[in-house]
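The values are calculated or read from the model by the stated rules, or taken from the named source; none is laboratory data. Quick caveat: nothing in here was measured; it's all calculated off a predicted structure. Here Cβ is always computed from backbone atoms with ideal geometry, including for glycine, and neighbour counts include all displayed protein chains.
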Amino acid sequence: MSENWEMPDMVRIPAATFTMGDTWKDGLPDEQPTYEVQIESFQLGKHAVTNRQYIMFLNDIGANTDDRDHLLVSMRENRSPYSITADSNGFSCLVEYENFPVTYVSWFGAVLFCE
């Protein structure tokens, strides 16, 4: 990552077990049967990823797709005033929105950012 990159504050989420599915039996058929799921501990960002952080990531990798051509973040015109945009200089957003939470990130974009 860029030399300006700062690792976000992280919080450790402990391992746990939970019941997945409809325990009240009033949901949809695909919510049955219930079963126990074990989740290993993991790290979670204390704060939402900002436009600035995600833009630094995009500019570092120099693309809005992964190595399998999956879109990382949607940049359709007229999406919203705080969306990420791209031009010949790279990725950016309006300065006043740099610290807003990033939006329209695909699952692929989230995974690649976390890696």
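Observations, loosely collected:
- Odd one out for ALA48 among (1) over 17 Å from the mean Cα position of the chain (by Cα); (2) modelled with pLDDT of 95 or more: (1)
- Scanning region 79-113 for residues that are part of a helix (DSSP H, G or I) and either surrounded by fewer than 10 Cβ atoms within 10 Å (Cβ to Cβ) or touching an Asp or Glu at 6+ places or on another chain (Cβ under 6 Å) (or both) gives VAL95, GLU96, TRP107, PHE108, LEU112.
- Any chance ASP69 is more than 24 Å from SER92 (Cβ to Cβ) and of a type in the set (Asp, Glu): no
- Residues located in region 1-14, provided they are closer than 19 Å to LYS46 by Cβ and either at pLDDT below 80 or surrounded by fewer than 10 Cβ atoms within 10 Å (Cβ to Cβ) (or both): MET1, TRP5, GLU6, MET7, ASP9, ARG12, PRO14
- Considering residues of region 59-78 that are closer than 13 Å to GLY109 by Cα and out of contact with any strand residue (DSSP E or B) (no Cβ under 9 Å at 6 or more places or on another chain) only, the residue surrounded by the fewest Cβ atoms within 10 Å (Cβ to Cβ): ARG68
- Verdict on TRP5 being out of contact with any strand residue (DSSP E or B) (no Cβ under 6 Å at 6 or more places or on another chain), aromatic (Phe, Trp, Tyr), part of a loop (DSSP other than H, G, I, E, B) and in contact (Cβ under 8 Å) with a residue 40 or more places away in the chain: yes
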